[in-house]
Structures are given as C-alpha cells and as structure tokens.
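The values are calculated or read from the model by the stated rules, or taken from the named source; none is laboratory data. This structure is a prediction, so every number in the text was calculated from the model and none was measured. FYI the Cβ positions are ideal-geometry reconstructions off the backbone, even for glycines, and counts take in every protein chain you see.
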Amino acid sequence: MQAKEKRITSGCRDLDDMLKGGFLKGSANLLEGAAGTGKTTLGVQFLMEGMKNNEAALIVTFEEFPEQYYSYALELGWDLKKMERKGLLEIVFTTPDEFLNLIYDEEEGKLTSLIEKKGIKRALVDSVTNFEKLANNLAELREIETDVVNFFKREEITTMLLKENSSILGGWNISKNKIPFIVDSYLIMRYLELESEIKRGIMVLKMRGSDHTKDIRQYKIEKYGIRIGQIFQDISGLFLGMGVHTQQYRKHP
C-alpha cells in the first residue's frame, strides 16, 4: 500500500472521497466515457484546482482548438485566458503523431523544456483515443500508450487522460481498451437509464496502491464543474446502462 503517498485533490471534494483522499501525486489517471458525459469538465476542473494554488498546468488537445476550450470553460465560470496570461496554463494543440515526436525527441526536448520552464505540475490529455489511429494492432497501441504515460510520470506530472467510448447506453466496448492496465487509476463516467430517465453515473474501477469506493454515484454538470451526489442504492444493471430496482438492501459503505 502507498497510503502515505502525497495526494493531489481532483478539484471535486466528493471525488476525492471516492479516491480516499485524491489522486496520488505524479500518477496517471484515465477518465473514460461517452461524448457529453463531462470528461472535459472534470479534466479542466482538475487543472483549475491546481492553478488556484499556483500549480502550472498543461492541456494537450488533438481535436479542440484553444478557442473552443476558452469558450467552453468560460461558460462554466473558468477564465483560461486569464490563467495563460498569469503563466499558469499552456495549451498545446497538435496531432497524435506530432505529440509522439515531441516526447520521443530526447535531443531537442522541446516539450520537456516547456514543462521545466513553466513548472508544470498537472496535465490533461484530450484524448488518448486518437492514438488508436496510429497503431496497427493492440500490441503497438499499448506500447504507444505506455510511452505517453511514462513520459508524464518521468516528469512527475499528475495527469488526467481522457478516453472516448462510443457506447452511449448498453454494452461497454473493451476491444481496444488496454490503457486501464497501464494507468494508476481508472474512472468511468456514463449515461444510465433509470425508470425511463437518463442520469449520469461515475465510479472508480481501479486505483493502484490505494483503496477506493466501489459504488456508482450520481453526478451533475454545474457551474464550476462536476457535483457528485448520492450512491445508486439497490439498483442492478447500471453498468449495462439500464438500472432495475432490486429487493436486496445494499449497505452504504
């Protein structure tokens, strides 16, 4: 166990409780979910928490232009341009192959130099799903993902890696889901159907070197980020996307 390791707050108190104190410092953390589940919201919330404490942050994005990030974050009450002006935020908009060239380029070390110059402590990668386009097979994909994770761990940066999942409701596609074996923690956000109503649920599937809660909790996307609420009690089939009440009582942990 690594119970004495320093913890890094996620920016969401209830998520920190689920993680038994927050992310481990310098860890790689995977957040997977379908489009619109709030992955980017939670990712930026994580970075903002650090920037409030003068911890510089890095966003690596392969799909969203910086202006899209500025606009989206501002709707939630976060001024990313202000953080950039203060020298607390760097947004790198690039392609997956160009990013790999940056982390493999030991001679020039442009990305490493940027990290050292800015004193970056937290990073968000949006999203690792894009590396699937570069791999010819699962073994090659795992090698790429391992290299990306190890780069940030070598730099001692606490990182949140976003991953898209095409399953909105129903079965969970794991055919190309190998990165959970590489990262330190694995969280899932997804839509759930319960009594003809669509809700959102979050759970921690894995946390290396630490205990964590095993329940599925409701959450909402609000101003200033994700707010996690109650545990889904006495419901079966949630991970299939469709919840059914059971008669069996499940004790609150």
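Structure notes:
- Selection count where residues are touching a helix residue (DSSP H, G or I) at 6+ places or on another chain (Cβ under 7 Å) and within 20 Å of R7 (Cα to Cα), scope region 178-204: 4
- Screening region 131-150 for residues that are in contact with a strand residue (DSSP E or B) (Cβ under 9 Å, 6 or more places away or on another chain) and of a type outside the set (V, I, T) and picking the one that is farthest from T61 (Cα to Cα) gives N150.
- S166 meets each of the listed conditions (1) among the polar types (S, T, N, Q); (2) at pLDDT 90 or above; (3) in a loop (DSSP other than H, G, I, E, B); (4) more than 15 Å from L100 (Cβ to Cβ) apart from (2).
- Sole exception among (1) over 21 Å from I182 (Cα atoms); (2) of a type outside the set (V, I, T); (3) assigned to a helix (DSSP H, G or I); (4) in contact with a helix residue (DSSP H, G or I) (Cβ under 7 Å, 6 or more places away or on another chain) for M48, by number: (4)
- Scanning region 13-25 for residues that are outside any loop (DSSP other than H, G, I, E, B) and without any contact (Cβ under 8 Å) to a residue 60 or more places away in the chain gives R13, D16.
- Test: residue in region 26-38 that is in contact with a Pro (Cβ under 9 Å, 6 or more places away or on another chain), part of a strand (DSSP E or B), under 24 Å from T129 (Cβ atoms) and modelled with pLDDT under 95: yes
Residue-by-condition table, conditions (1) free of Cβ contacts under 8 Å to residues at least 24 places away in the same chain; (2) over 22 Å from the mean Cα position of the chain (by Cα); (3) farther than 14 Å from E155 by Cβ; (4) not in a loop (DSSP other than H, G, I, E, B):
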| position | (1), (2), (3), (4) |
| --- | --- |
| Y69 | no, no, yes, yes |
| L74 | yes, no, yes, yes |
| M83 | no, no, yes, yes |
| K117 | yes, yes, no, yes |
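- Residue count, region 104-126 (criterion: surrounded by 20 or more Cβ atoms within 10 Å (Cβ to Cβ) and either over 15 Å from E55 (Cβ atoms) or of a type in the set (S, T, Y) (or both)): 3
- Every residue from region 175-225 that is on the phi > 0 side of the Ramachandran plot and either out of contact with any Gly (no Cβ under 9 Å at 6 or more places or on another chain) or among the acidic types (D, E) (or both): E195, S196, G209
- Note on region 48-78: among residues that are of a type in the set (D, E, K, R) and surrounded by 14 or more Cβ atoms within 10 Å (Cβ to Cβ), the one that is nearest to E222 (Cα to Cα) is E49.
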